[in-house]
Amino acid sequence: MVINYFELRDPEFRIEMHLFDTFAGIPQAQIRPDEPLAHWHNENNYAGDVKERVVSLFPADRTTFHIGMVPDTLSGFKGDRVDFISLDMNIVEPEKAALEFFWPKLRPGGILLIDDYGFQKHTSQRNFYDRFFDASGAIPLQLPTGQAIVMKRSG
């Protein structure tokens with residue numbers, strides 16, 4: 001929706017997107033005992049084939065889909081800089097790998113959107129993010145939606 005807004009206002013606006021997803025739910029091997037909601041997600045949110053629906057939402061000429069488990073698929077990204085990161089994998093292990101991979105590539109002023117930061121049943125993720133950002137000096141801003149945004153201040 002945001003991309004469509006910018007494209008309508010500026011026909012020259014173009015953004016290259018890379019989406020990483022298993023399209024098969026949350027990998028059982030990556031679910032920790034303190035992440036019980038992951039099983040609920042697999043049973044209730046990832047039933048059936050969602051790939052076709054998701055692919056239809058993004059412009060084919062500038063979207064690359066990296067299908068498989070994170071961190072295994074991260075090497076498919078060959079860029080050196082990104083402007084925006086959205087993490088919504090519902091468990092710590094792949095989000096940690098993705099953040100450690102992409103945070104150094106995020107430009108100063110770039111935005112990270114964390115989906116499950118403020119939800120009580122995702123405390124493992126929040127604890128990871130709090131430790132990561134305490135060490136880096138960045139400050140997550142929790143939104144009323146339960147998400148958080150972080151703006152990278154320096155390289």
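The values are calculated or read from the model by the stated rules, or taken from the named source; none is laboratory data. A quick note: this is a predicted structure, and the numbers were derived from the prediction, not measured. Reconstructed Cβ throughout: ideal geometry from the backbone, glycine too, with neighbour counts over all protein chains shown.
Taking every residue in region 44-63 that is under 17 Å from P27 (Cβ atoms) and pairing it with any residue that is surrounded by 12 or more Cβ atoms within 10 Å (Cβ to Cβ), at least 6 positions away or on another chain, the pairs with Cβ-Cβ distances below 7 Å are Y46/G25; V50/F23; K51/F23.
Within region 11-28, if we keep just the residues that are free of Cβ contacts under 8 Å to residues at least 24 places away in the same chain and closer than 21 Å to K51 by Cα, the residue that is surrounded by the fewest Cβ atoms within 10 Å (Cβ to Cβ) turns out to be Q28.
Scanning region 83-113 for residues that are over 18 Å from M17 (Cβ atoms) and not in a helix (DSSP H, G or I) yields N90, I91, P108, G109. Among the residues of region 120-155, those that are without any contact (Cβ under 8 Å) to a residue 40 or more places away in the chain and part of a strand (DSSP E or B) comprise L141, Q142, A148, I149, V150.
Summed over region 131-155, the residues that are surrounded by 13 or more Cβ atoms within 10 Å (Cβ to Cβ), under 26 Å from W40 (Cα atoms) and over 15 Å from the mean Cα position of the chain (by Cα) give a count of 2. With the structure loaded, tell me whether A97 is within 26 Å of G25 (Cα to Cα) and modelled with pLDDT of 95 or more or whether it fails that test. In short, yes. For F77, the conditions (1) farther than 21 Å from D115 by Cα; (2) loosely packed, with under 14 Cβ neighbours inside 10 Å; (3) touching a residue at least 24 places away in the same chain (Cβ under 8 Å) are fulfilled apart from (2).
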